[in-house]
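Down below is the structure, laid out as structure tokens.
The values are calculated or read from the model by the stated rules, or taken from the named source; none is laboratory data. These numbers come from a predicted model, not from an experiment. Don't worry about glycine lacking a Cβ; one is built from the backbone with ideal geometry, like all the others, and counts go over all protein chains shown.
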Amino acid sequence: SFDKAKLANALSSHTLKSATRFQYGTAGFRMEASLLDPVMFAVGLLAVLRSKYHKGKTIGVMVTASHNPEKDNGVKLVEPLGEMLVQSWEGYATELANATSSADAITSALESIIAKEKIDLSQPARVVVARDTRPSGKALVASLVDGVQCLGGEIKDFGLFTTPQLHYVVRCINTAGTEDAYGEPTEEAYYEKLAAAFKKITAGYPRLSPLLIDGANGIGAPAMEKLGKYLGDSFAYQLVNNDVVSSGKLNHESGADFVKIKQTKPLGMDLKYGQRACSLDGDADRIVFYFTEEDGTFRLLDGDKIATLAADFIMDLAKQANILVQREDGSKTPLHIGLVQTAYANGSSTAYVKDTLQVPVVFTPTGVKHLHHAAEEFDVGVYFEANGHGTVLFSPAAIKAFKTSVGATPAAEKAIDALRALTELINQAVGDALSDMLLVEATLTYQQKSFAKWNSDYTDLPSRQEKVKVANRANFVPIKADTELSHPIGLQEKINEQVAKFSKGRCFVRPSGTEDIVRVYAEAATREETDRLCYLVCGLVF
Ligand code: NG1
Ligand code: ZN
């Protein structure tokens, strides 16, 4: 077994003293940073168990609260190939965090996980950790280190990283020396890989006008500055909201979440007609793009628009290259592309994908881990949440087809080269704002397409999202990929009654997994009707 005295001693500096109940949700643990110390210790313990479970493979820990305010922080675990922690272990994380109130409680919680998962404690344990720019991050990492070390695990601290960079290094470490080797596990190698792929795709095309980048005064800003050095002349940009030193600025009226929800430009950006812009979020795993019309109308190019742009581009290249994929039954068939969305996807985007692009769409509940798994079912699985969190996954068979295809014409050969470069440019582990930004810019450069032209693919239905404070959000139970509620009994019928009154009306209610609120989303034919539907339903929920 493990050294119980050592555990008790280490816990004594991290004992849970408040009555807080912790829960590992969609985005791991997330709350006010001052409450997180015992949680970090518990996550250190769990990371060691998870690594031993995987026979010493490296487990990642990211310390961030993404788009939340600066006073919050959070932590999530990353599996060996860079995915989110398997769902079956989320409960263990919750149990351990709540067991930090006493040495007896934590000892028996650990013993029970070890027994249930038949963990061989003689296996080595390796953990890597990184954090965003929040001032609370450093002390929280120290608490995590205590947890890891008291169970004899090894830990490497990468310091300040974007969330996707942490996922990247975890995947690199665990695939090193295999045929799926993902790259060097360093920050420099990450920039080099992205920049080289971007240059390959855009070589020979005129550069686009400079992109205004809102760094949300978070980790994405310094990361972008470094990436910019590797991109050199191939990419023109101007970074704003890059102050990671002053307190109170992180995500403040800026960043992808703010821009998406408020449908307006961020504080600190002067956006003129003719300019192109984007916003990262506080840990740089989300991105949205935008511009203004001549009359000042704000136009948002969100995750749905990124997904359709990417799917369309990849289909085009595959057609030009005449890519055929080897199937298990020996046959060779065209690339199978699919798109994954959530209930928050704009109804117009879904119609465009199905009717115009003629690409199948799968719906999953909110949260990228659900989308990620659904996307793995395709040769090319494009998944994006409307909020700008997503990526494109290539199956091993698709990557093999790109590697082995020979173009019949110079144009086909060029398309194959672009497809190969896309597999390098796009982060396969997790949605990545910097990688997605370059994916969009590479696509638009290759197609010499403006934001206005991109936006004209389809017109978003007006939409509105609101948060409602309720006594207990656990009373709201979502079903059918978050599109309906089974509980409270009778509420769904009342929502349906309201929706039926509106042309093109659609509305759903679900409890947030990251905040203590219930979200209400509404769509309808006009802005006025959308707002009215949204407020009517907020009234039903309250
Ligand atoms: P919740 O709080 O469960 O709605 C939010 C986002 C998710 C996902 C997670 C993780 C919306 C409506 N919800 O989840 O899409 O990104 O945060 O960060 O944007
Ligand atoms: Zn984020």
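When residues of segment 288-310 are filtered for being over 21 Å from Tyr352 (Cα atoms), of a type in the set (Val, Ile, Thr) and either within 16 Å of ligand 2 (Cβ to nearest atom) or in a loop (DSSP other than H, G, I, E, B) (or both), how many remain?
So the answer is 1.
Run down Ala33, Ala10 and say which single residue is more than 16 Å from ligand 1 (Cβ to nearest atom), farther than 20 Å from Leu166 by Cα and in contact with a Cys (Cβ under 9 Å, 6 or more places away or on another chain).
Unique residue meeting the criteria: Ala10.
Name the one entry in Ala525, Ala442, Ala500 that is surrounded by fewer than 16 Cβ atoms within 10 Å (Cβ to Cβ), under 24 Å from Gly388 (Cα atoms) and away from ligand 1 (no atom under 16 Å from the Cβ).
Ala525
What is the number of the single condition among (1) polar (S, T, N, Q); (2) assigned by TED's automatic domain parsing to the domain that holds Leu280; (3) not in a loop (DSSP other than H, G, I, E, B) that Ser209 does not meet?
(3)
Checking Phe508 against (1) part of a strand (DSSP E or B); (2) hydrophobic (A, V, I, L, M, F, W, C); (3) surrounded by fewer than 22 Cβ atoms within 10 Å (Cβ to Cβ), which single condition isn't satisfied?
Failed condition: (3).
Quick test for you: out of Lys76, Lys4, Lys52, pick the one residue that is within 16 Å of ligand 1 (Cβ to nearest atom), of a type in the set (Lys, Arg) and either buried (at least 22 other Cβ atoms within 10 Å of the Cβ) or in contact (Cβ under 8 Å) with a residue 12 or more places away in the chain (or both).
None of the other options fit; the residue is Lys76.
For segment 10-49, how many residues are in a helix (DSSP H, G or I) and under 21 Å from Ala103 (Cα atoms)?
So the count comes out to 16.
So which residues in segment 110-152 are part of a helix (DSSP H, G or I), among the charged types (D, E, K, R) and closer than 30 Å to Ile219 by Cβ, if there are any at all?
Lys138, Asp146
Tell me the residue from Glu523, Glu515, Glu529 that is touching a residue at least 24 places away in the same chain (Cβ under 8 Å), of a type in the set (Asp, Glu), within 16 Å of ligand 2 (Cβ to nearest atom) and in the same structural domain as Lys480 (by TED's automatic domain parsing), please.
Matching residue, one of Glu523, Glu515, Glu529: Glu515.
Condition test on Gly228, is it in a helix (DSSP H, G or I) and either surrounded by fewer than 22 Cβ atoms within 10 Å (Cβ to Cβ) or more than 16 Å from ligand 2 (Cβ to nearest atom) (or both)?
Taking the combined requirement at face value, the residue satisfies it.
Of Ala97, Ala103, which residue is over 30 Å from Gly388 (Cα atoms), crowded, with 19+ Cβ neighbours inside 10 Å and more than 14 Å from ligand 1 (Cβ to nearest atom)?
The unique qualifying residue is Ala97.
Please find, within segment 44-96, the residue that is nearest to ligand 2 (Cβ to nearest atom) out of those that are among the acidic types (Asp, Glu) and modelled with pLDDT of 95 or more.
Asp72
Being under 16 Å from the mean Cα position of the chain (by Cα) and not in a strand (DSSP E or B) is the filter here; which residues of segment 266-287 pass it?
Answer for segment 266-287, where residues must be under 16 Å from the mean Cα position of the chain (by Cα) and not in a strand (DSSP E or B): Asp281, Gly282, Asp283, Ala284, Asp285, Arg286.
Answer yes or no: is there a residue in segment 372-392 that is touching a helix residue (DSSP H, G or I) at 6+ places or on another chain (Cβ under 9 Å) and assigned to a helix (DSSP H, G or I).
For segment 372-392, residues touching a helix residue (DSSP H, G or I) at 6+ places or on another chain (Cβ under 9 Å) and assigned to a helix (DSSP H, G or I): absent.
I want to confirm something. Restricting to segment 248-275 and keeping residues that are away from ligand 2 (no atom under 16 Å from the Cβ) and at pLDDT below 95, which single residue is surrounded by the fewest Cβ atoms within 10 Å (Cβ to Cβ)?
Going through the qualifying residues, I end up with Lys262.
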